[in-house]
1. List every residue pair whose Cβ atoms sit under 8 Å apart, with the two residues 6 or more apart in sequence or on different chains, where the first one lies in the range 203-231 and is over 13 Å from residue 116 (Cα atoms) and the second, anywhere, is assigned to a helix (DSSP H, G or I) and hydroxyl-bearing (Ser, Thr, Tyr).
2. Can you name the number of the only condition in (1) more than 27 Å from residue 180 (Cβ to Cβ); (2) loosely packed, with under 12 Cβ neighbours inside 10 Å; (3) basic (Lys, Arg) that residue 309 fails?
3. Scan the range 278-311 for residues that are at pLDDT below 90, closer than 14 Å to residue 255 by Cβ and of a type in the set (D, E, K, R) and jot them down.
4. Applying the selection to the range 140-171, what residues are surrounded by 12 or more Cβ atoms within 10 Å (Cβ to Cβ) and aliphatic (A, V, I, L, M)?
5. Checking residue 227 against (1) part of a loop (DSSP other than H, G, I, E, B); (2) of a type in the set (Ser, Thr, Tyr); (3) surrounded by 19 or more Cβ atoms within 10 Å (Cβ to Cβ), only one condition comes out false. Which one?
6. Of the residues 237, 164, 202, 245, only one is part of a strand (DSSP E or B) and over 14 Å from the mean Cα position of the chain (by Cα); which?
7. With the requirement that a residue be in contact with a strand residue (DSSP E or B) (Cβ under 6 Å, 6 or more places away or on another chain) and of a type in the set (Ser, Thr, Tyr), what does the range 107-128 give you?
8. Condition check: assigned to a strand (DSSP E or B) and within 19 Å of residue 287 (Cα to Cα). Does residue 347 satisfy that?
Amino acid sequence: MALVVHFDMDLYQMDVKTTFLNGELEEEVYMKQPEGFSSSNENIMDQCIYQKVSRSRTCFLVLYMDDILLVTNDKGMLCEVKQFLSKKFEMKDMGEASYVIGIKIHRDRSRCILGLSQETYINKVLERFWMKDCSPSIAPIMKGDKLHLNQCPRNDLEWEQMKDIPYASAIGSLMYAQVCTRPDIAFAVGMLGRYQSNPGLDHWRAAKKVMRYLQWTKDYMLMYRRTKNLEVVGYSDSDFVGCVDSRKSTSGYIFIIVSGAVSWRSAKQILIATSTMEAEFVSCFEATSHGVWLKSFISSHRIMDSISRPLRIYSDNSAAAFMAKNNKSGSRSKHIDIKYLAIRERVEEGKVVIEHISTELMLADPLTKGMPLKNFKDHVARMGIGPMM
């Protein structure tokens, strides 16, 4: 969607009728194979993005089950692709794309803005969990909010209180919104997901707080705006031993194209960091791993010339940024697992560059911790999330 905005490409949608009649059977069907028949092996992976290129003309086909998005800079090639698909399958042409997999597409071509909204989905979630008329919350989680195992049920009475509360289902519903368009709730949903096996009333109240925040911001969209320079920029951050139960830290990263988030993650680290530098360095490793994949993905489709330059990833920890660029090891860093030192190799090869940035500008901060309200709102706006004015 970010590239659609930047290159002002046409965005159309098609639907495959009776999709599952064209699919592979998963059930075992016993029959005798005809003599002389040879079957070719199935593909190892199922492609979901296809591209057709002819000189300066290009067309992308994005496939999800029976929903197809067609992105092109040439109407003639668009017609060719539509005709090809219609010859192979029974297709329904749905015109310009407006709604796909529960996401509403709002586009203002005159202002070069495209927004992705899940307001309809959020309303369904709120109604499903009896939160349709709830009072709104101004943030999904605040600085100082803590969740821990001591809040889990410990006796029959507490278990009975949670018996009929669909906690896991609520977290799964929130997770779909978080994955698609709402990085602003990623940290809160990730925290809540750690207690799905035995949630308590405090965890359920925290989950309802996220839903009350969505009630407040359900008209927010993930927006992309055309910019002068087309460049992928990453931000990497970590808290320090923020998990009360394990004393592990939480890593977070986010990648931005044309003023909007295209990829993000918030996850508890697999080790206990002994310093803020180590926690931030591990987070940088995770960000560079995803950044290298993202760079490879974009390069394979020959979309951006600027992707040939090193991918910039910002960190607000100067020691972690310094360690990523240098092969020196001190008494405080020599114990760090060797796999995390792959960052240095990626920097030396020119795949990524780690740069220091002030904490006030660290866009990944809301993915690792609860924040003061003003800072949270500023970061969310810079992620590209907000109402389309």
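The values are calculated or read from the model by the stated rules, or taken from the named source; none is laboratory data. Small disclaimer: the values here were computed from a predicted structure and weren't measured. All Cβ positions, even for glycine, are placed from backbone atoms using ideal geometry, and neighbour counts span all protein chains on display.
1. Once the first residue is over 13 Å from residue 116 (Cα atoms) and sits in the range 203-231, its partners that are assigned to a helix (DSSP H, G or I) and hydroxyl-bearing (Ser, Thr, Tyr) give 203/167; 204/167; 207/167; 229/306; 230/306; 231/306.
2. Of everything listed in (1) more than 27 Å from residue 180 (Cβ to Cβ); (2) loosely packed, with under 12 Cβ neighbours inside 10 Å; (3) basic (Lys, Arg), residue 309 misses just condition (2).
3. If the condition is that a residue be at pLDDT below 90, closer than 14 Å to residue 255 by Cβ and of a type in the set (D, E, K, R), then 295 is the only one that fits.
4. 141, 142, 147, 149, 162, 165, 168, 170, 171
5. Checking residue 227 against (1) part of a loop (DSSP other than H, G, I, E, B); (2) of a type in the set (Ser, Thr, Tyr); (3) surrounded by 19 or more Cβ atoms within 10 Å (Cβ to Cβ), the one that fails is (3).
6. On the way: 164 fails: part of a strand (DSSP E or B); 202 fails: part of a strand (DSSP E or B); 245 fails: part of a strand (DSSP E or B).
Of 237, 164, 202, 245, the one residue that is part of a strand (DSSP E or B) and over 14 Å from the mean Cα position of the chain (by Cα) is 237.
7. If the condition is that a residue be in contact with a strand residue (DSSP E or B) (Cβ under 6 Å, 6 or more places away or on another chain) and of a type in the set (Ser, Thr, Tyr), then 117 is the only one that fits.
8. no
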